[in-house]
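Asker: Here it is, the structure in full.
The values are calculated or read from the model by the stated rules, or taken from the named source; none is laboratory data. Note that the structure is predicted; figures quoted are calculated from it, not measured. Counting neighbours? That spans all protein chains shown, and the Cβs are built from the backbone with ideal geometry, glycine included.
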Amino acid sequence: MIETSDPHLDMSKMGKLPMGNVLEKQRGEYRVFSNGNEFLCGIRSRLRKSLVYPLSRQRRQSVDSIKGIAQVDPVAVGDIVRFTPSDDESDRGVIERVEPRKNQLSRRSPSPKPLESVICANIDTLFIVFALSKPVPKTGLIDRFMIAAEWEDIPAVIVMNKTDIPKDGELNRIREIYKPVGCHILPTSAISGEGVDELKSMMVNKTSVLVGPSGTGKSSLLNKIQPGLGLKVNEISKATGKGKHTTSHLAAFPLDDGGFVLDTPGIKQLALWNLDPDELITLYPEMEPLSGKCKFGLSCKHETEPGCAVKEAVEQGKVHPERYKSMLGIRSELEDLYGPKY
Ligand code: GDP
């Protein structure tokens, strides 16, 4: 839980202020949805100054070298805020307080010093959208989203879109890898409509986020779920078979049946803040029980060390080789970022 309250604010007044959900950021202002109305809000500067993001947020041991990470913006899409509406009833207001977040997804802001840019907060379900083909699903990428969800305790669903393109082998491969992990896999098609009603029902009265590479059909699925949304659909590049990168514009949309949904165009990866490489396997549910069981305990890199419990589990068929491969890849990325501990 992240504490974002201002200790100097008068709490008795605060409770009487209207509450709203941040739908979008627009050049330093925030579009806030409250009781069916939208307000364009600025932010009280004392709130900006007094924000505290204690490191106690991290559930696990933190890495010393990256302590004290600054955040780019105090308010994120998905935040629940208290705000003062303007007196002249002009649908404008000022955000006074950000309610404590239950979770958040971040990316790394491009700068020499690591800056955490929070993409969205208070997520109930993360839908990881991949396509059976065009572009082909890469398990290493699926796992990057899966472990970010696990890290923030957000339930994840793998959506395999474009089932209208006959690729049964691919769907079976994904099922074989992820069923044992206990992840729900939902086959969909924005063309034939397969799985769309189920996807829609999973979003009612929830805050849902769609992530995945561009071109997998996130906008098309959302347009199918709620035709009024009119989200821009990407063209697939004929040369690469990949979605063309469009400008990222992040917004939450209120759903007619209740709840909010966020499309995350242009977001390729989620950042893992303060994750110790040695703890990575605890974010793979099937490897988690093996944590500390290797001969070299928590310091085992699970590569060539003797008596590695993870490698044994791969040999015994208890851990899928693709998941093992992706774990090693992400582990070495984390070591590059934060440096090995030993
Ligand atoms: P996004 O980048 O993930 O939002 O993907 P888009 O919704 O923009 O879709 C990318 C391309 O895939 C577009 O040409 C869509 O028409 C196409 N597409 C989306 N969903 C499906 C689907 O279920 N089946 C097929 N065959 N094509 C789809």
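Asker: Take the residues of the stretch 209-220 that are over 13 Å from Ala190 (Cβ atoms) and touching a Gly at 6+ places or on another chain (Cβ under 7 Å): which is farthest from the ligand (Cβ to nearest atom)?
Answerer: Once the filter is applied, the top-ranked residue is Pro213.
Asker: What are the residue pairs meeting all of these: first residue in the stretch 116-143, first residue on the phi > 0 side of the Ramachandran plot, second residue within 16 Å of the ligand (Cβ to nearest atom), Cβ atoms under 9 Å, and 6 or more apart or on different chains?
Answerer: Lys134/Lys162; Lys134/Ile165; Lys134/Gly215; Lys134/Thr216; Lys134/Ile236; Lys134/Gly241; Lys134/Lys242; Lys134/Gly243
Asker: Please determine, by comparing only the residues of the stretch 141-152 that are touching a strand residue (DSSP E or B) at 6+ places or on another chain (Cβ under 9 Å) and either farther than 22 Å from Leu221 by Cβ or among the β-branched types (Val, Ile, Thr) (or both), which one is nearest to the ligand (Cβ to nearest atom).
Answerer: In this case the residue turns out to be Ile142.
Asker: Filter the stretch 153-188 for residues that are within 16 Å of the ligand (Cβ to nearest atom) and in a loop (DSSP other than H, G, I, E, B); which is modelled with the lowest pLDDT?
Answerer: Result: Lys167.
Asker: Here are Ser133, Ser214: which of them is over 30 Å from Val314 (Cβ atoms), of a type in the set (S, T, N, Q), assigned to a loop (DSSP other than H, G, I, E, B) and not assigned by TED's automatic domain parsing to the domain that holds Ser326?
Answerer: Of Ser133, Ser214, the one residue that is over 30 Å from Val314 (Cβ atoms), of a type in the set (S, T, N, Q), assigned to a loop (DSSP other than H, G, I, E, B) and not assigned by TED's automatic domain parsing to the domain that holds Ser326 is Ser214.
Asker: In the stretch 189-208, what count of residues is obtained for those that are assigned to a loop (DSSP other than H, G, I, E, B) and within 14 Å of the ligand (Cβ to nearest atom)?
Answerer: The qualifying residues number 7.
Asker: Condition first: among the charged types (D, E, K, R) and crowded, with 22+ Cβ neighbours inside 10 Å. Now tell me which residues in the stretch 153-203 satisfy that.
Answerer: Lys162
Asker: Next question, about the same structure. Could you tell me whether the stretch 77-89 includes any residue that is at pLDDT below 90, touching a Lys or Arg at 6+ places or on another chain (Cβ under 9 Å) and surrounded by 13 or more Cβ atoms within 10 Å (Cβ to Cβ)?
Answerer: No, the stretch 77-89 has no match at all.
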